[in-house]
Amino acid sequence: MKLLHYLKYFLFHGVAIGAFASILAGGHWTTVGLLAIVVYYVVGDAVLGDDTSTPSFGFPGILTFQLWLSLPLVAAIVFAMVWSVCPGDPLGFGAWVHAQTGYDILAARAATTWLHHASGIVLTILMIGIIGTIPAHELTHRTWDPISMLIGRWILAYSFDTNFSIEHVYGHHRYVSTTADPATAPRGRSVYTHILASTIKGHHSAWTIEAKRLRREGHAVFSPRNAVLRGVFMSSLLVAAAWAMGGAVATAVFVTCALGAKALLEIVNYLEHYGMVRNPDVPVQPRHSWNTNRRISSWSMFNLTRHSHHHAQGEVPYQDLRPMPEAPMMIGGYLTTIIAAMIPPLWHKLMIPKVLEWDRKYASDEERILAAQANEKSGIPAFKAALKLSMYKKAAASAAEKTATA
């Protein structure tokens, strides 16, 4: 039974291999691969329920190695996508695959329409996010482990977001669910506005954090010690590699995939903390993140689902995170919730009741006052109408009474 708990996280690698194979197979197989992976996550989460197990692991090195494997997997998937639009056969890869397998992927590539290439781009974006950013998130939290940090940052280079290793760890975890956090979406904001706002503010935050670190240590900001600048160089090398493989078209496809994967990360940020509020002086609690324990998302995303515990104790490795079923819950598994977030009318219909329930069930009196202010600024009629609810009035009255007796 304990072996199964190790093996379940290899489902993640199976998804990556399936994506790689479907892109190389070309034609309708690429679209089939995309649809199969979407169905795997969405239907799997809907049918197989929750995983609330908390096994102990005697060999954590195996679990770390599983994370490290994501770098070659992401590199292979991106290479396959870029190769699929190249005019030639970089590195003789197509000829080699044909010789080894008997499958003529050069002919399959030639017969692939741009509709199926579009499926490949969407699939690659999804894979950089799932197979790349999720393990990189875990690895770059391990600031004491230089190997994990290096691998994590190279994975993030594929989405032009090595800054995540700075802003997320030293910014987001400090300011989560407050107005100072770029990644926390206020009530009423659409996901598309959030992608742009969080990206710009997140990069600015990372630069500010890194510049302060360098000045504190007595180093020049513009120097090789600057992790932001090193990250730009890392991503630039990948762009150069795409250009060397196939010129402008290959480069455009890679850049599209990288930017799409960065947007996907911001969509995930959007749904993980949407509408939540917190006084920055109050410690982060499990209630300040949306959680889910859906089985397929948990097994195939290294327990990213257990986000409430992760934010309460960011140093805990993924395998030791607790399910916290008492925490506020997302509307479904991760990919299901991502799809809902990308349809703003549906998102608000599903999330307004959940956010108001959070105010009622989880928020402190102080947070209810902040929530009332957020409702007023949201521009959403349902949030403004909720201001008439007694919980907000009682919170304001309690705060006034405390002020009067202080």
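Which condition number in (1) under 30 Å from Asp161 (Cβ atoms); (2) open to solvent by 20 Å² or more (accessible area, probe 1.4 Å) is the one that Thr124 fails?
Every listed condition holds for Thr124 apart from (2).
Looking at segment 28-38, can you tell me whether even one residue there is under 17 Å from Ser297 (Cα atoms), modelled with pLDDT of 95 or more and of a type in the set (Val, Ile, Thr)?
For segment 28-38, residues under 17 Å from Ser297 (Cα atoms), modelled with pLDDT of 95 or more and of a type in the set (Val, Ile, Thr): present.
From the list Ala261, Ala242, which residue is within 22 Å of the chain's Cα centre (by Cα) and among the aliphatic types (A, V, I, L, M)?
Ala261
Which ones in segment 153-170 are surrounded by 22 or more Cβ atoms within 10 Å (Cβ to Cβ) and under 20 Å from Arg306 (Cα atoms)?
The answer is Phe164, Ser165, His168.
Taking segment 224-271 as the search range and keeping residues that are farther than 20 Å from Leu71 by Cα and small (Gly, Ala, Ser), which one is most open to solvent (accessible area, probe 1.4 Å)?
Among those residues, the one meeting the criterion is Ala244.
What's the number of the condition Ser56 fails, among (1) out of contact with any Ser or Thr (no Cβ under 8 Å at 6 or more places or on another chain); (2) open to solvent by 30 Å² or more (accessible area, probe 1.4 Å); (3) part of a helix (DSSP H, G or I)?
Evaluating Ser56 over (1) out of contact with any Ser or Thr (no Cβ under 8 Å at 6 or more places or on another chain); (2) open to solvent by 30 Å² or more (accessible area, probe 1.4 Å); (3) part of a helix (DSSP H, G or I) leaves (3) as the failure.
Could you go through segment 206-223 and let me know if any residue there is among the charged types (D, E, K, R), without any contact (Cβ under 8 Å) to a residue 24 or more places away in the chain and crowded, with 16+ Cβ neighbours inside 10 Å.
Yes: one or more hits.
Which members of segment 270-304 meet the condition of being of a type in the set (Asp, Glu) and closer than 19 Å to Lys361 by Cβ?
Scanning segment 270-304 gives a single hit, Glu272.
Tell me, please, whether a residue that is within 22 Å of Leu265 (Cβ to Cβ) and of a type in the set (S, T, N, Q) can be found in segment 370-391.
The answer is no, given that none of the residues of segment 370-391 is within 22 Å of Leu265 (Cβ to Cβ) and of a type in the set (S, T, N, Q).
Scan segment 131-148 for residues that are open to solvent by 10 Å² or more (accessible area, probe 1.4 Å) and within 22 Å of Thr305 (Cα to Cα) and report the count.
7
When segment 178-203 is examined, which residues are found to be within 24 Å of Arg213 (Cβ to Cβ) and buried (at least 22 other Cβ atoms within 10 Å of the Cβ)?
Matches in segment 178-203: Asp181, Pro182, Ala183, Thr184, Ser198, Gly202.
For segment 289-321, name all the residues that are more than 17 Å from the chain's Cα centre (by Cα), open to solvent by less than 40 Å² (accessible area, probe 1.4 Å) and under 21 Å from Gly44 (Cα atoms).
The one that is more than 17 Å from the chain's Cα centre (by Cα), open to solvent by less than 40 Å² (accessible area, probe 1.4 Å) and under 21 Å from Gly44 (Cα atoms): Gln319.
Okay, residues lined up against (1) modelled with pLDDT under 95; (2) surrounded by 21 or more Cβ atoms within 10 Å (Cβ to Cβ):
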site: Leu3; (1), (2): yes, no
site: Gly18; (1), (2): no, no
site: Leu67; (1), (2): no, yes
site: Leu73; (1), (2): no, yes
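When you check Ala46 against the structure, is it open to solvent by 20 Å² or more (accessible area, probe 1.4 Å), in contact with a Lys or Arg (Cβ under 9 Å, 6 or more places away or on another chain), over 22 Å from Ile125 (Cβ atoms) and not acidic (Asp, Glu), yes or no?
yes
Which of the following residues is over 21 Å from the mean Cα position of the chain (by Cα), among the hydrophobic types (A, V, I, L, M, F, W, C) and surrounded by 15 or more Cβ atoms within 10 Å (Cβ to Cβ): Met330, Met391, Met324?
Result of the check over Met330, Met391, Met324: Met391.
The values are calculated or read from the model by the stated rules, or taken from the named source; none is laboratory data. Everything numeric here is computed off the predicted structure, so don't read it as measured data. Positions of Cβ are generated from backbone atoms using ideal geometry, with glycine treated the same way; all protein chains shown enter the neighbour counts. Keep in mind that these areas ignore ligands, DNA and RNA; they rest on the heavy atoms of the full protein, side chains included. Shrake-Rupley method; radii C 1.70, N 1.55, O 1.52, S 1.80 Å.
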